[in-house]
Amino acid sequence: AQSVTQPDIHITVSEGASLELRCNYSYGATPYLFWYVQSPGQGLQLLLKYFSGDTLVQGIKGFEAEFKRSQSSFNLRKPSVHWSDAAEYFCAVERASKIIFGSGTRLSIRP
Amino acid sequence: EAGVAQSPRYKIIEKRQSVAFWCNPISGHATLYWYQQILGQGPKLLIQFQNNGVVDDSQLPKDRFSAERLKGVDSTLKIQPAKLEDSAVYLCASSLEGPGTEQFFGPGTRLTVL
């Protein structure tokens, strides 16, 4: 069955520290891959997406993600987090116009 | 450019009552989605419209949920009768046609069923 796994439910990092959020997917072929962010009381906002080509994609707010076909992973990274990055992050995959979201990772920032 | 509008933002009802949510997508977006997001989970697609036709409603509990998109613009999602497990945030999103296009989400409607 097709699935998206975000193994970390909650992560806390110090402001200024680096961040990596994990995402693994299970599909027969490479799907379209997305990372969305959801701030409290807000709708989801697209951070970045991967369709094909360069496996390192840049997004908004200083985020980047790397697609690794051999590991079926699409991890999100940021070199230095800011307090405003505290939010819920969702990995999503699309295949044949069907979109499936992971269960999310809640990011907290330690001052 | 105006975003996706949803109303109401919050709704509290008792079980077995009915409720309706409204969504106005971004102008020109042919595709409209309704998602259910239960606390602690990712959004789950309930129904997807392409213009005013249904593309996918495989996860819509059709015995109690219904949705329509008249004239291919606004959409309404209805629950009748509501159950306790329907407590969730209902998100509406819209996008241009085609695979991999970005979905733009509204702020959602938080439903509490008592």
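The values are calculated or read from the model by the stated rules, or taken from the named source; none is laboratory data. Please read all numbers here as calculations on a predicted model, not as lab measurements. Positions of Cβ are generated from backbone atoms using ideal geometry, with glycine treated the same way; all protein chains shown enter the neighbour counts. The area values use the complete protein model at the heavy-atom level, side chains included, leaving out ligands, DNA and RNA. Shrake-Rupley method; radii C 1.70, N 1.55, O 1.52, S 1.80 Å.
Kindly provide the set of residues from segment B:88-114 that are more than 9 Å from chain A (Cβ to nearest Cβ), closer than 22 Å to A:PRO40 by Cβ and open to solvent by less than 40 Å² (accessible area, probe 1.4 Å), ordered by number.
B:ALA88, B:VAL89, B:TYR90, B:THR109, B:LEU111, B:VAL113 - these are the residues of segment B:88-114 that are more than 9 Å from chain A (Cβ to nearest Cβ), closer than 22 Å to A:PRO40 by Cβ and open to solvent by less than 40 Å² (accessible area, probe 1.4 Å).
Do any strands (runs of 3 or more DSSP E) lying entirely in segment A:11-111 carry at least 1 residues that are surrounded by 13 or more Cβ atoms within 10 Å (Cβ to Cβ) and at the interface with another protein chain (Cβ under 10 Å from one of its Cβ atoms), and which ones are they?
Filter on segment A:11-111 gives A:32-38, A:44-50, A:87-95, A:98-101, A:105-110.
Suppose the filter is farther than 30 Å from A:THR30 by Cβ, buried (at least 21 other Cβ atoms within 10 Å of the Cβ) and within 14 Å of chain A (Cβ to nearest Cβ); does B:TYR35 pass it? Walk me through it before giving the result.
Working: farther than 30 Å from A:THR30 by Cβ: no; buried (at least 21 other Cβ atoms within 10 Å of the Cβ): yes; within 14 Å of chain A (Cβ to nearest Cβ): yes.
Here the answer is no, as B:TYR35 does not meet what is asked.
Out of all the residues in segment B:74-86, is one or more of a type outside the set (S, T, N, Q) and within 14 Å of chain A (Cβ to nearest Cβ)?
no
Can you pull out the residues in segment B:38-53 that are within 8 Å of chain A (Cβ to nearest Cβ) and either assigned to a strand (DSSP E or B) or surrounded by fewer than 19 Cβ atoms within 10 Å (Cβ to Cβ) (or both)?
Within segment B:38-53, B:GLY40, B:GLN41, B:LYS44, B:LEU45, B:GLN48 qualify.
Look at segment B:60-74 and say how many of its residues are in a loop (DSSP other than H, G, I, E, B) and either exposed (fewer than 15 other Cβ atoms within 10 Å of the Cβ) or in contact (Cβ under 8 Å) with a residue 40 or more places away in the chain (or both).
Residues in segment B:60-74 being in a loop (DSSP other than H, G, I, E, B) and either exposed (fewer than 15 other Cβ atoms within 10 Å of the Cβ) or in contact (Cβ under 8 Å) with a residue 40 or more places away in the chain (or both): 6 in total.
Look at segment B:75-101 and say how many of its residues are of a type in the set (A, V, I, L, M) and outside any strand (DSSP E or B).
Here the count works out to 3.
Determine which single condition B:ASP56 fails, assuming it passes every other condition in (1) in contact (Cβ under 8 Å) with a residue 12 or more places away in the chain; (2) within 9 Å of chain A (Cβ to nearest Cβ); (3) of a type outside the set (A, V, I, L, M, F, W, C).
(1)
Of everything in segment B:55-93, what is polar (S, T, N, Q) and farther than 20 Å from A:ARG95 by Cβ? Give them in sequence order.
The answer is B:SER66, B:SER75, B:THR76, B:GLN80, B:SER87.
Looking at segment B:1-37, which of its residues are part of a strand (DSSP E or B) and either hydrophobic (A, V, I, L, M, F, W, C) or within 16 Å of B:GLY98 (Cα to Cα) (or both)?
Of everything in segment B:1-37, those that are part of a strand (DSSP E or B) and either hydrophobic (A, V, I, L, M, F, W, C) or within 16 Å of B:GLY98 (Cα to Cα) (or both) turn out to be B:ALA5, B:ILE12, B:ILE13, B:VAL19, B:ALA20, B:PHE21, B:TRP22, B:CYS23, B:THR31, B:LEU32, B:TYR33, B:TRP34.
Which of the residues spanning segment B:3-20 are under 17 Å from A:GLN42 (Cα atoms) and surrounded by 19 or more Cβ atoms within 10 Å (Cβ to Cβ)?
Those that are under 17 Å from A:GLN42 (Cα atoms) and surrounded by 19 or more Cβ atoms within 10 Å (Cβ to Cβ): B:VAL4, B:GLN6.
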